[in-house]
Amino acid sequence: MSNPPPNVAELLSLARAGDRDAQNELFEHCRAYVGFLARSHVESWLQAKVDASDLIQQTMLEAHRGLERFEGATEGEWLAWLKQILRHNATDYIRRFGAAKRNANQEREFSQGQSSLFRGVSEPSGREDTPSAILAQKEEELLVANALAKLSEDHQEVIVLRNLQRLPFDQIAERMGRTRPAVQMLWARAMKRLQEVVSQMSFHR
C-alpha cells in the first residue's frame, strides 16, 4: 500500500518551528510542482525545449532561505508564495536566456499572476471525475503535479505541451516528432493514466 501524501499545512507548521526533517519533506513534496510550472513557462516563452533546472533550483533555494518570512498557513497560500518566487525568477531567466525570442503576451500574463497550473484543461471523456475537474481546483494542483511526475517521460511531455502550454496538436506533433493522430492517441492515454494515478493518490490522502 502506498504511503499517504504529507499534509502540507502540518509540514509548514513543523518546518517553521525549526523541524529540519519536516522542512526537507515539505520542499521535496513541492519540487515537482515547481518543476512543471517552471518548465511550462520557460518552454512557452522560448518556444523550444530548454533546461529549466537553474530556474527550479534558484526558486527552491530562495524559498528555503525565505521560509521565515512566509506568513501563510494553508497549502493554497504556500503554492501561491512559491509561484510568486518563481514568477520573479522566471522573468529574469527568460530575459537573460532569450530576450529576443520570448512571447510578450505570455510574459505579461504570467507577471500579472493569471497563469495557473493546468488551467483550462480538456480531457478525452468529458466526465466530471476526469483530471480536468481535479486540475481546475487550485487546491489540487500539488496533488496533480506529483501524480504527473510519476508518469512516463512521453506522457509528461504531451500533457505539459497540451494542457499547460495549450499548444495545438499539430504543433505538438512537430515538437515530438510524431504524427498528429499518434500524438492525439498518446495524449488520451496519458490523461487516462494521469486520472488513474490521481485517483490512487487521492484515495490514500
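The values are calculated or read from the model by the stated rules, or taken from the named source; none is laboratory data. Values in this document were obtained by computation on a predicted structure and should not be read as measured data. All Cβ positions, even for glycine, are placed from backbone atoms using ideal geometry, and neighbour counts span all protein chains on display.
E71: out of contact with any strand residue (DSSP E or B) (no Cβ under 7 Å at 6 or more places or on another chain), modelled with pLDDT under 90 and not assigned by TED's automatic domain parsing to the domain that holds E141, yes or no?
Numbers: out of contact with any strand residue (DSSP E or B) (no Cβ under 7 Å at 6 or more places or on another chain): yes; modelled with pLDDT under 90: yes; not assigned by TED's automatic domain parsing to the domain that holds E141: yes.
Spelling it out, E71 is indeed out of contact with any strand residue (DSSP E or B) (no Cβ under 7 Å at 6 or more places or on another chain), modelled with pLDDT under 90 and not assigned by TED's automatic domain parsing to the domain that holds E141.
Is there any pair with a first residue in segment 165-192 that is of a type in the set (S, T, Y) and a second that is in a helix (DSSP H, G or I) whose Cβ atoms are under 8 Å apart and which are 6 or more apart or on different chains, and what are they?
Between residues of segment 165-192 that are of a type in the set (S, T, Y) and residues that are in a helix (DSSP H, G or I), the close pairs are T179/A173.
Only residues that are surrounded by fewer than 19 Cβ atoms within 10 Å (Cβ to Cβ) and part of a helix (DSSP H, G or I): list them for segment 145-155, please.
The answer is E153, D154.
List the number of the failed condition for R178; all other conditions in (1) modelled with pLDDT of 90 or more; (2) outside any loop (DSSP other than H, G, I, E, B) hold.
For R178, the exception is condition (2).
Being surrounded by fewer than 21 Cβ atoms within 10 Å (Cβ to Cβ) and in a helix (DSSP H, G or I) is the filter here, so list the residues in segment 161-175 that pass it.
Our first condition is that a residue be surrounded by fewer than 21 Cβ atoms within 10 Å (Cβ to Cβ); within segment 161-175, this holds for 165-171, 173-175.
Residues satisfying the conditions are F169, D170, Q171, A173, E174, R175.
Hey, does segment 184-203 have a residue that's under 20 Å from E75 (Cβ atoms), surrounded by 14 or more Cβ atoms within 10 Å (Cβ to Cβ), among the basic types (K, R) and modelled with pLDDT of 75 or more?
Within segment 184-203 (the criterion being under 20 Å from E75 (Cβ atoms), surrounded by 14 or more Cβ atoms within 10 Å (Cβ to Cβ), among the basic types (K, R) and modelled with pLDDT of 75 or more), the answer is no, since none of the residues qualifies.
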